[in-house]
Each structure stands twice: as structure tokens, then as C-alpha cells.
Amino acid sequence: MEKTWWHNAVVYQIYPRSFYDSNNDGIGDLRGVISKLDYLKNLGINVIWLSPVYQSPMDDNGYDISGYQTIAREFGTMEDMERLFKEANERDIKIVMDLVVNHTSDEHPWFVSARESRDSPYRDYYIWRDATPEGNPPNGIDSIFGGNAWEWDEKTGQYYFHLFSKRQPDLNWENPKVHQEVFKMMNWWIEKGIGGFRLDVIDLIGKEVDKGITGNGERLHPLLQQMNRETFGSKNILTVGETWGATPEIAKLYSAPERNELSMVFQFEHITLTWEGGDKWQPIPLDLKEFKDVLTKWQVELQDKGWNSLFWNNHDLPRAVSKFGNDKEYRVESAKMLATTLHFLKGTPYIYQGEEIGMTNVAFEQLSDYRDIETRRFYDVKTATGVSHEHMMDAIHKNSRDNARTPMQWNSSEHAGFTGGTPWITVNPNFPQINVEAALSDSNSVFHHYKTLIELRKSHEAIVYGTFTPVWQDHQYVFAYVREYQGEQLFIVSNFSEQEQTLQVPTRYQGDQVECLISNYAAPSAIDATMTLAPYESFAVKLK
Ligand code: NOJ
């Protein structure tokens, strides 16, 4: 595999609205991001994925764009954006922009014109269909935010298609003019010196609505190859597609270098294991054996072809330590265990803001404290079909996107030091204990563990390029594997349970003297024939 810079990058995702508010309007902003670049440099990351900061009515917190080349007023100005590029660049940090081109906002000038009349030059930028003879929507495709994906437009007498909220009309990717507009806009950002794109729900752009196909349509890969050719293909930037429907086979189509599509994709198989029947509002416990099988499958299948992205959480998902660890008595231990497990895998790791200090889910008692459009819509949709309030609140506490969106906890002062005003969403009440200031001053904190992991990736090629071999594959609670590259052998062991686990170690991994690279309890100095792991114990050693 030809080596490239993003193979050993570590990406940090910023959700600007919740990161740091520099002007006390209660909403995080670009100047807030700039003022925290030294913090990120200290952590050691070298790429920031910035969730959308473009002009937007904020129906979906910026994933509804009304101006692709303008910055939303609450986030700052284009000057602020340029200063961010410059200041990040000075610290060797690249900025990956969020590219949301499956849909626009209903306030985007294209859509405003398109819904004016059937003759608008922008009409075909969107997807319009007549009602059925009975006066119904063209078909039963569901919106991902609940309800039918077709919205009736009174003025022009047709339905338009929206896979997300009705304020997020889908662009018509069958129209070559849409390609040209989007590619032009992408090139404009590339010219500004960005480090890459994260491509929002990109597996939906090959949709064929009349056939009922939304994800992974036949035109998807040709479209991405065209996009690659006409925009970033020659630029050596990082591109990561959000692809909920990807299997390893599909991920190879996107990320095999010779196909000239994307650097990598986010797959969600390990995430949706706790969603009964794919429904996040039906949470079920994690089966670790299944979870290990999924992670192992992705490691093995993309070993020589394609590239993995590695993540436990993002702005749409619950906090890693709450979902996969124990955010109560073993918060620190399990947050470190999860970090070690992920950062030694093959692929590019992504850290979501606050993960590096072990931030946890929140459990607001009142629905009115939730801000997320998806959470609020599904509460209505589900309770209307008879699901109880108690069930929905429990599901919301586990899986609402607002778990990730409460403000970043900087210190123990009011509103966690996020804002001097009133935050747009309430801060998690655990901020007096869990915050950046406390983490920085404690050499044993989750923060320092992440910092060490990032340093290790830079100094051990086996972490980046080593082969992956699972160990104790059938064990119910322990996830372990070996990475090997040019004679260097790393052995990574993680106990995912709050019970002690005792294991028999295969002879080839035993050793009187091992070099421990990182651990969350006492560092082991030898690997004996029998090993006992404490609750959530995890370590990585170099075998001699
Ligand atoms: C995926 C984004 O991550 C999510 O936040 C957003 O709501 C949808 N795409 C629609 O853009």
C-alpha cells in the first residue's frame, strides 16, 4: 500500500455550536475554535473535522445549508474562517470541511427559486413528482427524521423529496447542472487550502426515487469518481464519506486507491448493534462477542485493500464511555480502555470533542430541554403510535444526538466555562468533576492517556501499517489483538467488563520482559502463561 499523510493522522471533530463561545451569545463560534487551537495542538491531533459553519437557518444545526460559500452569522465571518485556516496551518493542523450536498436548506436561493414556479431554471435542481391519481405522495419512502419523504408544495402543485426534514430538500443528482455547481463550490474551498472533506450521507446521492432506492444506488460510484476527477482527485487531501449502508465490500469500492473515489468511509455496523432492528429508539444491550466480530471483520477485510476510519462516537451518537464503557464507577478506566482499543487498530482514528476528557451522556428530565430536531420529531412520531413517554425518555437518554451536543466542559465555572451568556443547550451537570482544566492538571487523566496514544501512533509504524490478528476471538468480555510490522509485534488486550477476567495466554505471546507502551492500571512488565485483568483493564505491550 502506498503510504500517504492521512494514514497516520489523528482527526478531532468539532461541533462548533457546542465547542467554545467567544462572544457570549450562548453559541460556540469560529473565534472560539481559534482560541482553543493550542489546546488541540497540545493533545497532538493534526486534523480538525469541522461540522458545518455555513449560512443556514439551523433547522438541523447547520446540516441545512442556505449558502455554501458564506459563514453563518452566529459562527462568525469568512475572515474568521480564513484566520482559522491560517492559525491552524501555523500549528500543522489541517481543516476538513463538512460537505452537505445530498440536500440544501429550503432557504437556499436555488430552492427558493425552484418552488416559485415549474419554469424556474432551478426547478430541476430538486426532485419533484406529481401526486398519484388518488392525490397521495408518489410512494412510501420514509424520511430518516420520521414521516413520509414527500412534501406537498401548494404553489406549484407537486411534491418535493426530502430524506431529512422538510426544510432539507434533496438535490437532484441526476441533473448535470447540480454536479457542476457542487464541484465549482468544492474547488473554491480547495483553493482556500482546506485539508479535506467529510461527505455527509454521501451514499444517498445515487438515489433512484421512482424505484424506491435511496442508499447505494447504481449511479453512486460513477458520481464519486466524477467528483474525484473534477475536484480533489489531484490534491492529496483527506476525504471521508458518511455511509450508513456500507458493508466491507462496499467500503472497498469507495476506498481502494485505484478506484479514485474517497480516502475512507465511516461505517456504522458496530454502532447499530444496540439498535433493535436498526431502530435507535429501541435500544438493546451490547453483545460484546458480536461487537468484536464486527470490528474484526472490518479490520481483516480492509487489511490490504481500502482504509478504515476508526470512531466510537460523533455529533449524532451517544458518548463513547456511556455506550461502550461504564460512565459511573469506572468512567476513567473504561474511557482509557476504549481509547487504547481503538487507537491501536488499523485505520485513521477520530476523536469527538470531549471524548478526550471522558465526557458522558446527559439525561435531561424534560423533553423541552432537548434541542435536536430528530429527537423531538421521533418523540411525537413514536408516542403517536402508542409508545409510552417513559420508553421514549429512556431511549432518548441512551441515544439522543443531544448526548453529544451539550457544551464542551472547559472548567468548573458557570456553564462549564463554555459561554459567559446562556448556552443554547444546557450543560451536563457533571461539569464540576469532568472538565478540561481538571484533566490537564491530572497526569493520570483520560486526556493524558489520549495524548500518549497519539504520540505512540507517530512513533510506531506497526500501529499504522501492521497486520491485524485477533486473539481469544470467542471470549465474551476480552477484546485482544496483535499488530505486526517489520519485526515489531504489539499485543493489545482490553477487558470490556466490570469483572476480573482470567485468561490462558498462547505461548507465542508470553514473555518475561515486555515493553509496556500504555496501560490504565499498573504497567505489566511480563506476559505470563496466565493473565488476570482488572475491571476494564487494558494495555498495549511490545513483545520481545
Ligand atoms: C448526517 C449528519 O451527521 C447529521 O447530523 C445530519 O442531521 C444528517 N446527515 C443530515 O444532513
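The values are calculated or read from the model by the stated rules, or taken from the named source; none is laboratory data. Keep in mind the model is a prediction, meaning the values are calculated, not measured. So basically every Cβ, Gly included, is an ideal-geometry build from the backbone, and we count neighbours across all protein chains shown.
Does Val101 meet the test of being buried (at least 21 other Cβ atoms within 10 Å of the Cβ), among the aliphatic types (A, V, I, L, M), over 30 Å from Met359 (Cβ atoms) and within 16 Å of the ligand (Cβ to nearest atom)? So Val101 passes the test.
Return yes or no: is Lys235 surrounded by fewer than 23 Cβ atoms within 10 Å (Cβ to Cβ), without any contact (Cβ under 8 Å) to a residue 60 or more places away in the chain and within 23 Å of Val11 (Cα to Cα)? Give the derivation first.
Details: surrounded by fewer than 23 Cβ atoms within 10 Å (Cβ to Cβ): yes; without any contact (Cβ under 8 Å) to a residue 60 or more places away in the chain: yes; within 23 Å of Val11 (Cα to Cα): yes.
Yes: the conditions hold for Lys235.
Ile65 meets the conditions (1) in contact with a His (Cβ under 9 Å, 6 or more places away or on another chain); (2) among the hydrophobic types (A, V, I, L, M, F, W, C); (3) more than 16 Å from the ligand (Cβ to nearest atom) in every case but one. The failed one is (3).
Would you be able to say whether some residue in the stretch 157-168 is under 21 Å from Ser105 (Cβ atoms), part of a loop (DSSP other than H, G, I, E, B) and more than 15 Å from the ligand (Cβ to nearest atom)? No, that holds for no residue. Scan the stretch 315-330 for residues that are in contact with a helix residue (DSSP H, G or I) (Cβ under 6 Å, 6 or more places away or on another chain) and not aromatic (Phe, Trp, Tyr) and the total you get is 8.
In this structure, does Thr383 turn out to be hydroxyl-bearing (Ser, Thr, Tyr) and either in the same structural domain as Asp142 (by the TED database) or more than 16 Å from the ligand (Cβ to nearest atom) (or both)? For Thr383, the condition - hydroxyl-bearing (Ser, Thr, Tyr) and either in the same structural domain as Asp142 (by the TED database) or more than 16 Å from the ligand (Cβ to nearest atom) (or both) - is met.
All of Arg483, Arg508 fail the test of being among the basic types (Lys, Arg), closer than 24 Å to Glu301 by Cα and not assigned by the TED database to the domain that holds Val10, apart from Arg483.
If only residues of the stretch 35-60 that are in a loop (DSSP other than H, G, I, E, B) and touching a helix residue (DSSP H, G or I) at 6+ places or on another chain (Cβ under 7 Å) are counted, the one that is farthest from the ligand (Cβ to nearest atom) is Gly44. Evaluation of Asp394 against the conditions (1) surrounded by 15 or more Cβ atoms within 10 Å (Cβ to Cβ); (2) away from the ligand (no atom under 16 Å from the Cβ); (3) closer than 26 Å to Phe311 by Cα shows that the sole unmet condition is (1). When Ile190, Ile202, Ile237, Ile213 are checked against the criterion of being at pLDDT 95 or above and within 16 Å of the ligand (Cβ to nearest atom), Ile202 stands alone in meeting it.
The single condition among (1) out of contact with any helix residue (DSSP H, G or I) (no Cβ under 6 Å at 6 or more places or on another chain); (2) touching a residue at least 40 places away in the same chain (Cβ under 8 Å) that Leu342 does not meet is (2).
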